[in-house]
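Following: one structure in structure tokens, then a few remarks.
No lab work stands behind these numbers, since they all come straight from the coordinates. Note that the structure is a prediction, hence the values are computed from the model and not measured. Note that we place each Cβ from the backbone using ideal geometry, even for glycine, and neighbour counts take in every protein chain shown.
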């Protein structure tokens with residue numbers, strides 16, 4: 001692998017783009033694909049390049065059996081993001097767990113006293129209101145959304161924006177009773193139907209009897225992982 | 001797949017410091033392999049490494065091959081196909097099979 005490809009992968013991912021690299025496994029010849037740009041010393045026919053683009057879109061590594069030999073196509077995607085709404089106590093153990101699981105956490109809380117560098121050293125923080133932050137960050141199908149404030153003024157706009165996005169996971173902290181009220185509000189004030197509201201995992205997290213903040217964070221990570229890997233619980 | 005950033009950054013940083021570097025990548029798996037395709041291990045010429053291709057089972061052998069690839073500049077395709085009976089001897093205690101591509105970073 002050329003050093004230039006390593007740097008190109010990292011640069012594209014930093015800018016939010018996925019790229020793919022095809023490698024012929026005997027010679028090591030390679031073809032690098034970034035948007036419309038294709039470069040490298042591996043000659044692939046148009047059909048194979050199209051298959052490579054398909055793998056890129058699906059975010060899946062594949063093998064191609066060619067007359068010349070076997071070709072491995074690896075897709076390099078930017079890290080999944082998790083928008084954590086509420087710079088609250090639970091967010092403090094949750095953020096390092098997200099980082100360990102290869103997520104890029106972004107903590108959003110319009111209350112400046114909460115979203116501080118002192119409480120979240122080195123973490124990406126936003127003091128925008130959730131609707132503004134979501135407009136800027138554009139959650140997509142590789143984004144998870146977690147609302148933790150218990151405050152409808154902050155959580156509801158985040159959930160509205162999340163439901164209008166392709167976010168793969170949406171979870172909302174709060175008791176069963178509060179969650180039922182929340183769903184009623186979202187239906188009455190924003191017109192969401194039952195199927196849309198069913199995308200919200202609430203009360204958030206797996207039922208593992210979590211008590212401490214860290215244990216609740218573990219239950220959230222478990223649920224998020226199950227939805228990511230299995231599509232459901 | 002997105003756990004590659006740290007490994008590629010380390011590979012680039014070793015290379016930029018003038019060290020020889022090779023990358024190992026899982027390209028095929030059978031059975032209960034501990035790491036999926038695309039999993040990577042970066043190895044420097046002095047034997048330092050970051051990442052994982054098998055959760056620790058065959059890393060030792062892969063690191064040796066990676067150092068050889070740094071020396072001769074040639075890629076290699078390694079097979080760790082083991083039956084359950086042989087698994088302990090080769091180190092893949094899970095009995096899975098994996099194919100690993102090792103390439104020098106130019």
Under the 7 Å Cα-to-Cβ spin-label approximation, residue A:189 and residue A:89 lie apart by a distance in nanometres of 2.6
Longest principal axis of chain A (C-alpha) makes with the long axis of helix A:46-58 (C-alpha) an angle, in degrees to the nearest 10, of 20
Region A:59-102 scanned against label point 7 Å out from residue A:141 along Cα→C-beta; backbone N under 17 Å for A:59-62, A:75-81
Listed with the fewest Cβ neighbours within 10 Å leading, B:57, A:82 appear as B:57, A:82
Computed, not fitted: 222 nm per-residue ellipticity of the protein assembly as shown from DSSP H runs ≥ 4 (each -39500 (n - 2.57)), nearest 500, equal to -11000 deg cm²/dmol
Here the equivalent ellipsoid of region A:80-230, derived from its Cα gyration tensor, has semi-axes (largest first, whole Å) of 21, 18, 15
On the formula 1/(1 + (r/R0)^6), with r taken between the Cβ atoms of residue A:113 and residue B:61 and R0 of 35 Å, the FRET efficiency rounded to 0.05 is 0.05
Taking every residue of B:99-106, the Cβ atoms of other protein chains inside 10 Å of its Cβ average out to 4
When B:14, B:30 are ranked with the fewest other C-beta atoms within 10 Å first, the list becomes B:30, B:14
hull vol. (C-alpha, convex hull) per residue for the protein assembly as shown, Å³ -> 163
Taking every residue of A:72-79, the Cβ atoms of other protein chains inside 10 Å of its Cβ average out to 5
Between the Cα axis of helix A:91-100 and the main Cα principal axis of chain A, the angle (0 to 90°, nearest 10) is 10
Simple SL model, points at 7 angstrom along Cα→Cβ for residue A:129 and residue A:43; separation in nm is 6.0
If the chain between residue A:229 and residue A:50 were fully extended at 0.36 nm per residue, the gain over the current Cα-Cα distance would be 61.8 nm
